[in-house]
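Colleague: Okay, handing you the structure first.
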Amino acid sequence: IKPSIQQVNADVDEFNSRLLSLQDNVIDVIKVGYSNNMLLKDGIHLNVKGAMQLSSDIDEYLKNFQ
């Protein structure tokens, strides 16, 4: 992996950690296990596989939502 991609990945991980730290009883964070093969070549936007994973994880969350 290129150093620039490693830095972006580290930044994303840090942002996600900060986001989770803001979580309270009103906000739920749906965890999705994305991998690089779920992104378009730009490395930002989801491809079909990523969109399907997101949709599946949201569906699963909503099934358990009370």
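What follows draws every value from the coordinates through simple rules; no lab data is involved. All values derive from a computational prediction rather than experimental measurement. No Cβ is skipped: glycine too gets one built from the backbone with ideal geometry, and neighbour counts run over all protein chains shown.
Colleague: Mind ordering 50-56, 13-19 by average Cβ neighbours within 10 Å, highest first?
Modeller: Numbers: 50-56: 13.7, 13-19: 10.1.
For the peptides 50-56, 13-19, the packing ranking is 50-56, 13-19.
Colleague: While we're here: Let me check against my output: what whole-number percent is the relative contact order of the chain, with C-alpha pairs under 8 Å and at least 6 apart? Please list the in-between numbers first.
Modeller: Values: 26 pairs, mean separation 14.2, N = 66.
It comes to 22 percent, rounded to a whole number.
Colleague: Give me, ordered by chain and number, the residues 5 or more places off Leu39 or on other chains with an amide H under 5 Å from its own placed amide H.
Modeller: So Leu39 has HN proximity to Asn47.
Colleague: What distance in nm lies between label points placed 7 Å from Cα along the C-beta direction at Asp11 and Asn47?
Modeller: 2.3
Colleague: Related question: So, in nm, how far is label Val29 from label Asp57 when the simple model puts each one 7 Å beyond its Cα toward the Cβ?
Modeller: Spacing of the two 7 Å Cα→Cβ label points: 1.1 nm.
Colleague: Quick check: the angle from helix 3-21's long axis to the longest principal axis of the chain, C-alpha only, nearest 10 degrees?
Modeller: Approximately 20 degrees, to the nearest ten.
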